[in-house]
1. Would you confirm, using the coordinates I've provided, whether Gly235 is among the small types (Gly, Ala, Ser), in contact with a strand residue (DSSP E or B) (Cβ under 7 Å, 6 or more places away or on another chain) and in contact (Cβ under 8 Å) with a residue 24 or more places away in the chain?
2. Can you find a residue that is on the phi > 0 side of the Ramachandran plot, touching a strand residue (DSSP E or B) at 6+ places or on another chain (Cβ under 7 Å) and not aliphatic (A, V, I, L, M) anywhere in the range 55-76?
3. Go through the range 201-215 and count every residue that is buried (at least 19 other Cβ atoms within 10 Å of the Cβ) and over 10 Å from the mean Cα position of the chain (by Cα).
4. Can you tell me which residue within the range 226-248, out of those that are part of a loop (DSSP other than H, G, I, E, B) and modelled with pLDDT of 95 or more, is farthest from the chain's Cα centre (by Cα)?
5. Residues to consider are Asp252, Asp187, Asp218; find the one that is more than 15 Å from the ligand (Cβ to nearest atom), open to solvent by 10 Å² or more (accessible area, probe 1.4 Å) and either at pLDDT below 95 or not in a helix (DSSP H, G or I) (or both).
6. For the range 201-215, name all the residues that are part of a loop (DSSP other than H, G, I, E, B) and modelled with pLDDT of 95 or more.
7. Against the conditions (1) in contact with a Lys or Arg (Cβ under 6 Å, 6 or more places away or on another chain); (2) under 30 Å from Glu169 (Cβ atoms); (3) in a helix (DSSP H, G or I), where does Glu51 fall short? Just the number, please.
8. From the residues in the range 13-69 that are buried (at least 18 other Cβ atoms within 10 Å of the Cβ) and of a type in the set (Gly, Ala, Ser), which one is farthest from the ligand (Cβ to nearest atom)?
Amino acid sequence: MTSPADLLDLATRIAREAGELAHRRRREGVTVAATKSAAADIVTAADREVEAFIRAKLAEARPGDGFFGEESGAEEGTSGITWVVDPIDGTVNYAYGIPAWAISIAAVEGPAETSAWTALAGVVFNPVTGEMFRGVRGGGAWLGDERLSVSEVGEAGGLVATGFGYDPETHAPALAQLARVMPIARDVRRIGAASLDLASVAAGRIDAYYERGTHPWDHAAGALLVEEAGGRLGGAPGGRPGNGMVIAAGPDFFSRLEPLLDYDR
Ligand code: IPD
């Protein structure tokens, strides 16, 4: 049995190497390889190459583990550990040269496709800033030597980040929901990378993040960071961030934000 700390070390090393590869490819020029759910939902050649790189490195180091990646799908393992990977979270930012994209790698126990997992270790790495957010179950969330802790929100309201997804039918309800949130918000941000939204909540750089329609690879590592930084997570199913909604905030602000959001509780 490998310890969560060993899983974290492996994820950290591979995320750094994958980040260098993605950054190099970015400088060489971005090629859009395909679109997914909508024309705006793009996949670059680098998304695929970086995921293949991460997958190969993990298989070499831990051949019995499962894998669940944004671009290449799921493969069950035999060890009980599955790696949930977004090779480039914030692909649109990546394509436009906005420095808010990240490599997200989490090691989870349990069935990854349903979100009914327990994340043991996870990293969110922004190769442009060099920031490596690391979380290990029971061992805290860290940025370098700094132990992370969610914010406390005062009278001015919370700085709230959200995302809108790619399905046009969801946009009007999302804007109506945002209008309900605005009275408790100091201001609103749309960072464009769910993993960095969650890492930012963990670091206390923003007070809350919510979004409907995220996928396991978007939030597996970031959700662990939030939990380990003392934050609360919500969403479906079962109060865990599932495909319906992810909500993350410090405990007090969470209890003000969560009742304003639409999702199956
Ligand atoms: C997307 C980003 C975006 C969020 C979408 C995600 P991708 O991930 O995290 O901020 O709004 O829900 O799908 O496609 O760039 O890996």
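The values are calculated or read from the model by the stated rules, or taken from the named source; none is laboratory data. Remember, it's a predicted structure, so these values are computed and weren't measured experimentally. Using ideal geometry, Cβ is built from the backbone for each residue, glycine included, and neighbour counts are taken over all protein chains shown. Accessible surface is based on the protein model in full, side chains and every heavy atom, while ligands, DNA and RNA are left aside. Shrake-Rupley method; radii C 1.70, N 1.55, O 1.52, S 1.80 Å.
1. Details: among the small types (Gly, Ala, Ser): yes; in contact with a strand residue (DSSP E or B) (Cβ under 7 Å, 6 or more places away or on another chain): yes; in contact (Cβ under 8 Å) with a residue 24 or more places away in the chain: yes.
In short, yes.
2. Of the residues in the range 55-76, the ones on the phi > 0 side of the Ramachandran plot are 73.
With the extra rule that they be touching a strand residue (DSSP E or B) at 6+ places or on another chain (Cβ under 7 Å), the set shrinks to none.
No, every residue in the range 55-76 fails to be on the phi > 0 side of the Ramachandran plot, touching a strand residue (DSSP E or B) at 6+ places or on another chain (Cβ under 7 Å) and not aliphatic (A, V, I, L, M).
3. Within the range 201-215, residues that are buried (at least 19 other Cβ atoms within 10 Å of the Cβ) and over 10 Å from the mean Cα position of the chain (by Cα) number 10.
4. Step one: of the range 226-248, the residues part of a loop (DSSP other than H, G, I, E, B) are 229-231, 237-244.
In the following step, the residues that additionally are modelled with pLDDT of 95 or more were identified as 229-231.
On the way: Ala229: 15, Gly230: 17, Gly231: 15 Å.
Only one residue tops the list, namely Gly230.
5. On inspection, the qualifying residue turns out to be Asp187.
6. We begin by selecting, within the range 201-215, every residue part of a loop (DSSP other than H, G, I, E, B); these are 203-207, 213-215.
Ala203, Gly204, Arg205, Ile206, Asp207, listed by residue number.
7. The single condition Glu51 does not satisfy is (1).
8. The extreme case among them is Gly66.
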